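Participant: Structure provided below as structure tokens; questions to follow.
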Amino acid sequence: KTGFNLLWNLIPNALFGGSNSSSRLCKLLHQYPAAYIVLVMTLGGGLVATLSTFYFPKLFSAHDYVHVLSDTSSANKMDQFPKARNHLLPVMVFSLLMSISGFSLGPEAPMVTAGGLVGVSLARKYLKSTDKKSSASMEETLAYCGAAGTLTGFMNIPLAGPIFAMEMTSRGTGISSVAAKSWNAAMAACFAGLVFVRG
């Protein structure tokens, strides 16, 4: 809330509240106040793109989430999910920056990534199985559940959360057969996300 208040209340009030600055940017913003929105969204997107490209090039992303979960040929595909402790904080910071700067790059991808990482980490910690195939299946299900719950809880989209999280991994139209097996669990996670985050 602090970042949102700073970018969308305090700074615009200072710029447009009557103090006329002599800088070219302030004059332009006084003439075209809507340009402030474009400026903030562009700078927010540019900051996230720059940080993720130059400082976090190996960060687990939504592309990796989609690539891993849509792979139907690899039996060890869930081993490609990294540990959440190394990736979760930067992903959440990027999502926060996108949220407060107007969603120019969209908040869904970092939220799906963060939820998937948390789901897989919880499965690895609490649902260990001696059978590798059953462990991978639980990790996959909880990756979908984490993504669906995160989208639902933070964006308040109860039915669209699981559909979006599962539809991302489909190579064609509709939901893939692997994602369809996780539908009930993802729906339960989305409602749990709605209850716990929204109260």
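Participant: Might you let me know whether region 47-56 holds any residue that is within 30 Å of Lys181 (Cβ to Cβ) and open to solvent by less than 20 Å² (accessible area, probe 1.4 Å)? Even if it seems obvious, please write down each step before you answer.
Facilitator: Residues of region 47-56 within 30 Å of Lys181 (Cβ to Cβ): none.
No: region 47-56 contains no residue that is within 30 Å of Lys181 (Cβ to Cβ) and open to solvent by less than 20 Å² (accessible area, probe 1.4 Å).
Participant: What are the residues in region 139-158 that are surrounded by fewer than 22 Cβ atoms within 10 Å (Cβ to Cβ) and either among the hydrophobic types (A, V, I, L, M, F, W, C) or in contact with a strand residue (DSSP E or B) (Cβ under 7 Å, 6 or more places away or on another chain) (or both), if any?
Facilitator: Phe154, Met155, Ile157 - these are the residues of region 139-158 that are surrounded by fewer than 22 Cβ atoms within 10 Å (Cβ to Cβ) and either among the hydrophobic types (A, V, I, L, M, F, W, C) or in contact with a strand residue (DSSP E or B) (Cβ under 7 Å, 6 or more places away or on another chain) (or both).
Participant: Does region 12-23 include one or more residues that are in contact (Cβ under 8 Å) with a residue 24 or more places away in the chain and open to solvent by less than 80 Å² (accessible area, probe 1.4 Å)?
Facilitator: At the first step, the residues of region 12-23 found to be in contact (Cβ under 8 Å) with a residue 24 or more places away in the chain are 12.
Next cut, open to solvent by less than 80 Å² (accessible area, probe 1.4 Å) only: 12.
Yes, some residue in region 12-23 is in contact (Cβ under 8 Å) with a residue 24 or more places away in the chain and open to solvent by less than 80 Å² (accessible area, probe 1.4 Å).
Participant: Just give me the residues in region 145-158 being within 16 Å of Gly116 (Cβ to Cβ) and either without any contact (Cβ under 8 Å) to a residue 40 or more places away in the chain or more than 13 Å from the chain's Cα centre (by Cα) (or both), in sequence order. So that I can check it myself, show each step before the final result.
Facilitator: Initial filter on region 145-158 (within 16 Å of Gly116 (Cβ to Cβ)): 145-155.
Answer for region 145-158, where residues must be within 16 Å of Gly116 (Cβ to Cβ) and either without any contact (Cβ under 8 Å) to a residue 40 or more places away in the chain or more than 13 Å from the chain's Cα centre (by Cα) (or both): just Cys145.
Participant: Across region 57-85, what is the number of residues that are open to solvent by 40 Å² or more (accessible area, probe 1.4 Å) and assigned to a helix (DSSP H, G or I)?
Facilitator: Matching residues across region 57-85 total 6.
Participant: Give just the number: which of (1) modelled with pLDDT under 85; (2) surrounded by fewer than 15 Cβ atoms within 10 Å (Cβ to Cβ) does Leu7 not satisfy?
Facilitator: All conditions pass for Leu7, except number (2).
Listed here are the residues, each with its yes/no results for (1) under 16 Å from the mean Cα position of the chain (by Cα); (2) more than 28 Å from Ser129 (Cβ to Cβ).
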site: Tyr55; (1), (2): no, yes
site: Lys58; (1), (2): no, yes
site: Asn76; (1), (2): no, no
site: Pro90; (1), (2): yes, yes
site: Phe94; (1), (2): yes, yes
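Participant: I need the helices (runs of 4 or more DSSP H) fully contained in region 119-199, keeping only those with at least 3 residues that are charged (D, E, K, R) and at negative phi. If you could, list the steps in order and put the result at the bottom.
Facilitator: Working: elements: 132-155, 160-167, 177-180, 183-198.
Helices (runs of 4 or more DSSP H) meeting the threshold: 132-155.
Participant: With open to solvent by less than 40 Å² (accessible area, probe 1.4 Å), hydrophobic (A, V, I, L, M, F, W, C), touching a Pro at 6+ places or on another chain (Cβ under 7 Å) and in a helix (DSSP H, G or I) as the only criterion, which of Val40, Val91 stands out? Full working, then the answer.
Facilitator: Numbers: Val40 fails: touching a Pro at 6+ places or on another chain (Cβ under 7 Å).
Checking each option against the conditions leaves just Val91.
Participant: Follow-up. Would you call Gly161 in contact (Cβ under 8 Å) with a residue 12 or more places away in the chain, closer than 18 Å to Leu88 by Cα and open to solvent by less than 70 Å² (accessible area, probe 1.4 Å)?
Facilitator: Numbers: in contact (Cβ under 8 Å) with a residue 12 or more places away in the chain: yes; closer than 18 Å to Leu88 by Cα: no; open to solvent by less than 70 Å² (accessible area, probe 1.4 Å): yes.
Judged against the criteria, Gly161 is not a match.
Participant: Scan (1) free of Cβ contacts under 8 Å to residues at least 60 places away in the same chain; (2) in contact with an Asp or Glu (Cβ under 9 Å, 6 or more places away or on another chain); (3) not small (Gly, Ala, Ser) for the single condition Met78 breaks and write down its number.
Facilitator: (1)
The values are calculated or read from the model by the stated rules, or taken from the named source; none is laboratory data. Note that the coordinates shown come from a computational prediction; the quantities given were computed from them, not determined experimentally. With ideal geometry, Cβ positions are generated from the backbone for all residues, glycine too; neighbour counts draw on all protein chains shown. Quick note on the areas: whole protein, heavy atoms, side chains included, nothing else; ligands and nucleic acids left out. Shrake-Rupley method; radii C 1.70, N 1.55, O 1.52, S 1.80 Å.
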